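J.: Encoded as structure tokens, here's the structure I'll be asking about.
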Amino acid sequence: MPSLLTAVKSRMNIFAHRLALGLLDGEYASVFRGRSLDFDELRAYVPGDEVRDIDWKATARTGVPLVKRYVATRRQQVMFVADTGRNMAAAARGGEVKKDIAVLAMGVLGSLALNHGDPVGLVHGDRRSAGQLPARGNERHLERLLCRMDAVDVSDPPSDLTAVLEYTARHVRGRRLVVVLADEVAVDARCARVLCRLAAQHEILWVQLDDAELAGPGAPARGYDVAGLGPVLTLLAQDPKLADDYAQAVAQRHRALAALLQGNGIALVRLGHTSEVVGGIFGLLERHRRAR
Amino acid sequence: MALKYWWLLPLGVAAIAAVVFRLWRRTRQTPGRVPVAHADRLTALPSYQRAVAVQRRWLAVGLASVLLLAGSVLAAAARPVQAATTVPEQLNRDIILCLDVSGSMVDTDEAVVAVFAELVTRFKGERIGLTIFDSTAVQVFPLTDDYGFVAGQLELAVKALNQDTKSFDFFDGTYEVPGSSLIGDGLASCVRGFPPESGAKRSRSVILATDNMLAGRPVFTLAEAAGLAKKANVRVHALNPNDYGSADYPDVAASGLKTAATSTDGSYYALESAAAVKSIAHKVQATEAARLQGAAVRTLSDQPALPLGLALLSLAGLGAAVWKVRQ
């Protein structure tokens, strides 16, 4: 019983009405399916389709905009690369648990891929170990991936995204669509190296699950660090001077990541709440298309 | 220094330990704490570390204050006491100075009165009276504990007994019948000066300064007067400046006085000089006081100053810490 996937789909229906869903579908198709000269079918235009794919003659004949579908040249394999360390069990900016947002994002993108017959897989890992669930093209498999993501707990080993990326670079062969599900990692030289290598191997989308704010009005009253399990005195951070320092440090950290991703041609979306997921992923695909 | 309720200490320490343990357990598993990742975004900031260091210092001060407060209050609750064993001196003595004011005695009388003028300044509860006699006895003042009045009277007496004095008004009434040093009558008058014995037991003594140079016919002989004294439970301490007897040839007058004094359970002193009066008077007073000493009493006095002072100090520290931490 694919309960997680059902939940994802119902949320997709809640957050995006039919048109927006179709939009997302078209966006995915035009970004990733690619086209060949082998004509497949004509179908009704949905917003998000490439304008140049519109078959104007057929449109003129029928009075409805139609687009040409070609047999895809590329069989796209979607590989989610997710940090499944205990960081993912921590709070997100919107107050939810980050893994819930990750599950939704993964479910939305995964079901888009499945709709287009693209298999989905998952590389997961933490500081101790990493592994992968190879790509398959059925919903039960996607459900399995979502379950793996959902199983993250605070008692899991600490997170190490760079190690997961390195595992991906070593073990995932062939060009894939890699969707990285990460939180607010601090980039260092090791991370930059592996990203550079991954960007050469694969097409990468970067979904950042924003961490809870630690200073200012949005901060939780009492927090503890999942890495060290020590308390974080967020109350102290109500001090305006300290909150200011914090905001600067966080902005600096994000700029470093954004610069690195941009340098490697990787599109980035920041998600802080499940309500941002559908729109955010649409924006991500749009940005990815422009970046190519 | 001892603790009266010492068993409170282990109990209290156990209670404090239990409270600390429970609080510690509770902070370990507080619900409502939000797990956050990448806390180094905040904790790596130098300004955060500074703030935490300050916070931690004040928390340490607060914790130390709380522990000190608990400890000192516990110590105070255990009642630190100072144990002391005291022999209470009962100050219920009655003393009548019975002075022979015949010519041969004035030196001694002056010394006796001077000593008691000094002693009376330290009296608390004792009563003193003064009777002088030669051929007849005159009560200068009866037994009283009005020390202001007594001091005034004794001062007058010292002046009057001084050899350089010109006025003999003080001795009025002591030559009403022929004779001199009618010592039996004098002592009897002094003994009559004590009120009848009542419930409260008071030590009664007569300081009798005389040389027993009897001239004339007294109503009471010395022996009879001593009998009266004994019957009235009065001890006679006799001071004789003119005891010229030796062990081999006892002075008849002196030995009579000595027998009379000792028969009342009192004492007899032959004076070498007037200067010796002081030490003898003190001695007599000491023995009289010693007779009345009660049973030794073990008293415990509370000594809460140190623990309560510490508690106050720790309260101040706690207040400062709370104020700073809440800031």
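Readers should treat all values here as calculations from the given coordinates under stated rules, not as data from a laboratory. Source: prediction; values computed, not measured. Cβ atoms come from the backbone with ideal geometry, glycine included; neighbour counts cover every protein chain shown.
J.: How high is the FRET efficiency from B:L306 to A:Q201, r the C-beta distance, R0 56 Å, rounded to 0.05? Spell out each step's value before the answer.
T.: On the way: r = 77 Å, r/R0 = 1.37.
Efficiency at R0 = 56 Å is approximately 0.15.
J.: For a quick check: with amide H placed at 1.01 Å from N, whose amide H comes under 5 Å from B:L208's, ignoring anything fewer than 5 positions away on the same chain?
T.: It is B:C98, B:H237, B:A238, B:L239, by chain and number.
J.: Here is a follow-up. From the Cα trace of chain A, what convex hull volume per residue do you get, rounded to a whole Å³? All intermediate terms of the calculation are to be shown ahead of the outcome.
T.: Working: hull volume 40.8 nm³, N = 292.
Enclosed volume per residue, from the Cα hull, is 140 Å³.
J.: From the backbone phi of region A:161-177, what are the Karplus-calculated ³J(HN,Hα) couplings (6.51 cos²θ - 1.76 cosθ + 1.60, θ = phi - 60°) in whole Hz, Gly and Pro given as x?
T.: Residue by residue, region A:161-177 yields 5, 4, 4, 5, 5, 5, 4, 4, 4, 7, 9, 8, 9, x, 7, 10, 8 Hz.
J.: Within 12 Å, Cβ to Cβ, of A:V180, how many net charges do the neighbouring residues add up to if Lys/Arg are +1 and Asp/Glu are -1? All intermediate terms of the calculation are to be shown ahead of the outcome.
T.: Working: positive: A:R176; negative: A:D83, A:D183, A:E203.
The answer is -2.
J.: Could you tell me the relative contact order of region B:93-291? Use alpha-carbon pairs under 8 Å, at least six residues apart, and round to a whole percent.
T.: On the way: 391 pairs, mean separation 46.2, N = 199.
Value for region B:93-291: 23 percent.
J.: Where does helix B:252-263 land angle-wise versus the long Cα axis of chain B, in degrees 0 to 90, nearest 10?
T.: Value to nearest ten degrees: 40.
J.: Regarding the protein assembly as shown, what is the average projected area of its C-alpha convex hull, in nm²? Before the final figure, lay out each step's value.
T.: Working: hull surface 205.7 nm².
Hull-based average projected area comes out at 51.4 nm².
J.: Taking 20 °C and 1.002 mPa s as the conditions, I'd like the Stokes-Einstein D for chain B in µm²/s, using the Kirkwood hydrodynamic radius from alpha carbon pairs. Please report the intermediate quantities before stating the final value.
T.: Numbers: Rh = 25.7 Å.
So the translational diffusion coefficient is about 83 µm²/s.
J.: Here's another thing I want to ask about it. Quick one: 3J(HN,Hα) in Hz for region B:184-190, Karplus 6.51/-1.76/1.60 with θ = phi - 60°, rounded, Gly and Pro as x.
T.: Along region B:184-190, the couplings run x, 4, x, 5, 4, 4, 4 Hz.
J.: Also, I was wondering about something else. Mind listing the lone cysteines of the protein assembly as shown, meaning no other Cys beta-carbon sits under 4.7 Å from theirs?
T.: Lacking a cysteine Cβ partner under 4.7 Å: A:C147, A:C191, A:C196.
J.: Report the extension gain between A:R140 and A:V64 in nm, rounded to one decimal, defined as 0.36 nm multiplied by the number of residues separating them, less their alpha carbon distance.
T.: Details: separation 76, 0.36 × 76 = 27.36 nm, distance 3.63 nm.
Between A:R140 and A:V64, full extension yields 23.7 nm more.
J.: Order by neighbour count: B:V325, A:V194, A:V64, fewest other Cβ atoms within 10 Å first, most last. Display every interim value, and only then the final one.
T.: Working: B:V325 16, A:V194 20, A:V64 9.
Starting with the residue having the fewest Cβ neighbours, the order is A:V64, B:V325, A:V194.
J.: A follow-up question, please. Given labels modelled 7 Å from the Cα in the Cβ direction, how far is it in nm from B:L59 to B:D145?
T.: If labels sit at B:L59 and B:D145, their model points lie 6.6 nm apart.
J.: Along the Cα-to-C-beta direction of B:A215, a point sits 7 Å from the Cα; which residues of region B:94-125 have their amide N less than 19 Å from that point?
T.: B:99-109
J.: Towards the positive end of the charge dipole of chain A, with charges on Cβ (+1 Lys, Arg; -1 Asp, Glu), say which of A:V194, A:V269, A:V154 has the farthest Cα.
T.: Projecting each Cα onto the dipole axis, the largest value belongs to A:V194.
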